[in-house]
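**Student:** Let me begin by handing over the structure; questions about it come next.
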Amino acid sequence: MGRGRTGLPPGAGKDETLMSGVVRAITARAARSTAVAEHAVAARRGVAAFLDDLEADPRAALAPRFGQARVHLFREPGKLVRPMIVWLLGRSLGVEGSRLRPYAVVTELIHGASLLHDDVIDRALTRRGRPSANALYDNTLAVLAGDSILAEVTGRLAELGDLEVVRAVSATIQDLVAGESLQYELRGLVHADVRACVEVAELKTASLLSLCTWLPARIAGREDLAPDMAAIGRNTGISYQLTDDVLDFDAEHTGKPPFADWSEGKTNAVTAAMVGLHPEAEGPLADFFASEARRDAARCREAYGRLFPEAVREQALEQVRALAEEYTALADHHASAVPDTAEGRLFEQLRRKLLGRRS
């Protein structure tokens with residue numbers, strides 16, 4: 001499979017849709033200079049070049065629906081936060097963009113493959129406002145598409161030739177699998193173990209963000225910065241996920257669908273905190289998770305108000321907010337290692353946007 005194409009694919013106008021949300025907002029607010037704009041474009045071009053490679057792959061012609069499933073997520077790749085992190089931190093450390101791009105793309109490929117697999121496990125029908133790959137094609141093709149993308153990651157890492165990066169990526173993928181397995185084992189179970197929820201967050205969300213913040217130090221040959229850089233991503237990821245758990249119940253004016261975790265029978269950190277404060281609700285909530293009523297947001301809201309007193313709800317939300325702030329403080333501490341350059345400051349704005357988000 002060719003790797004030579006680094007420009008935009010035919011019909012390059014479609015590439016302008018590949019960056020949205022937090023990256024677009026951060027870039028527009030941070031600066032108007034050509035140099036800063038190029039940082040955003042770099043992430044988009046990397047994904048666009050990957051689409052070129054996949055569409056040129058002769059194997060896609062042998063099984064067209066498989067080929068379509070494989071590129072499905074990357075046609076609307078979301079915020080591209082992970083490759084942006086690699087790019088901005090790498091540039092802040094003086095690494096040339098041509099060296100950063102393949103690593104940045106690898107992080108987005110891992111993320112995309114994990115989403116394809118997650119949607120099958122969760123039986124999700126939508127992703128990013130569109131039909132999910134498993135809904136549009138079927139579970140088998142979605143799983144095979146995710147497997148193929150991970151194989152693509154292996155091939156690209158082999159070409160790069162850094163065994164330490166290969167080990168780090170392998171460990172990250174193992175963490176993603178372990179986190180999804182733990183979450184699957186806990187599905188439908190009502191419990192008061194907030195630490196278990198943090199462990200899922202560390203494995204499923206923080207591990208990949210930690211890889212994204214570690215990679216630039218490795219590429220730059222700055223082993224002295226590697227522990228701090230990895231810790232930035234780890235603590236940011238945990239704080240991000242805990243904030244997401246809060247928004248599942250406190251999502252007014254955000255546009256985030258409420259009670260998404262309850263609809264899937266998941267005990268998130270806020271639910272665990274509420275059960276710890278009000279254990280008599282454990283049995284009734286377990287019954288609710290076992291019923292089809294959990295799939296209706298209005299029924300979830302009714303159960304939320306009926307099973308947990310308002311004081312318990314507010315205290316649990318505050319506990320998880322405070323825990324998220326602890327991890328934010330840890331991330332802030334390690335972020336002092338980020339160089340004070342234009343790219344480093346842009347990374348900091350991106351990181352703070354993630355940690356302070358309301359959607």
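**Student:** Kindly list the number of the only condition in (1) modelled with pLDDT under 85; (2) in contact with a Gly (Cβ under 6 Å, 6 or more places away or on another chain) that fails for His117.
**Tutor:** That leaves (1) as the condition not met.
**Student:** Out of Pro216, Pro227, Pro279, which single residue is under 30 Å from Pro83 (Cβ atoms) and out of contact with any helix residue (DSSP H, G or I) (no Cβ under 7 Å at 6 or more places or on another chain)?
**Tutor:** On the way: Pro216 fails: out of contact with any helix residue (DSSP H, G or I) (no Cβ under 7 Å at 6 or more places or on another chain); Pro279 fails: under 30 Å from Pro83 (Cβ atoms).
Step by step, each of Pro216, Pro227, Pro279 is checked, and only Pro227 is under 30 Å from Pro83 (Cβ atoms) and out of contact with any helix residue (DSSP H, G or I) (no Cβ under 7 Å at 6 or more places or on another chain).
**Student:** Now, a different point. From the list Ala145, Ala168, Ala192, Ala151, pick out the single residue that is among the small types (Gly, Ala, Ser) and without any contact (Cβ under 8 Å) to a residue 24 or more places away in the chain.
**Tutor:** On the way: Ala145 fails: without any contact (Cβ under 8 Å) to a residue 24 or more places away in the chain; Ala168 fails: without any contact (Cβ under 8 Å) to a residue 24 or more places away in the chain; Ala192 fails: without any contact (Cβ under 8 Å) to a residue 24 or more places away in the chain.
One residue alone meets the criteria, Ala151.
**Student:** Do you know which of the residues in region 253-295 that are buried (at least 17 other Cβ atoms within 10 Å of the Cβ) and of a type in the set (Ser, Thr, Tyr) is farthest from Val320 (Cα to Cα)?
**Tutor:** Ranking the candidates gives Ser263 first.
**Student:** Which of the residues belonging to region 86-133 are basic (Lys, Arg) and buried (at least 16 other Cβ atoms within 10 Å of the Cβ)? Break it down into steps so the answer makes sense when it comes.
**Tutor:** Initially, region 86-133 is screened for residues basic (Lys, Arg), giving 91, 99, 101, 123, 127-128, 130.
Matches in region 86-133: Arg91, Arg101, Arg127.
**Student:** Let me ask you something else. Please state which one of Leu100, Leu115, Leu150 is touching a strand residue (DSSP E or B) at 6+ places or on another chain (Cβ under 8 Å) and part of a helix (DSSP H, G or I). If you could, list the steps in order and put the result at the bottom.
**Tutor:** Numbers: Leu100 fails: touching a strand residue (DSSP E or B) at 6+ places or on another chain (Cβ under 8 Å); Leu150 fails: touching a strand residue (DSSP E or B) at 6+ places or on another chain (Cβ under 8 Å).
Step by step, each of Leu100, Leu115, Leu150 is checked, and only Leu115 is touching a strand residue (DSSP E or B) at 6+ places or on another chain (Cβ under 8 Å) and part of a helix (DSSP H, G or I).
**Student:** Identify, by number, the condition in (1) surrounded by 21 or more Cβ atoms within 10 Å (Cβ to Cβ); (2) within 30 Å of Trp87 (Cβ to Cβ) that Ser336 doesn't meet.
**Tutor:** (1)
**Student:** Same structure again: Run Leu163 past the list (1) free of Cβ contacts under 8 Å to residues at least 40 places away in the same chain; (2) surrounded by 13 or more Cβ atoms within 10 Å (Cβ to Cβ) and report the number of the one that doesn't hold.
**Tutor:** With (1) free of Cβ contacts under 8 Å to residues at least 40 places away in the same chain; (2) surrounded by 13 or more Cβ atoms within 10 Å (Cβ to Cβ) applied to Leu163, the lone miss is (2).
**Student:** If Ile110 satisfies all but one of (1) touching a residue at least 24 places away in the same chain (Cβ under 8 Å); (2) not in a helix (DSSP H, G or I), what's the number of the condition it fails?
**Tutor:** (2)
The values are calculated or read from the model by the stated rules, or taken from the named source; none is laboratory data. Computed from a predicted model, the values in this text were never measured in an experiment. Ideal geometry is used to build each Cβ from the backbone, glycine not excepted, and the neighbour counts take in all protein chains shown.
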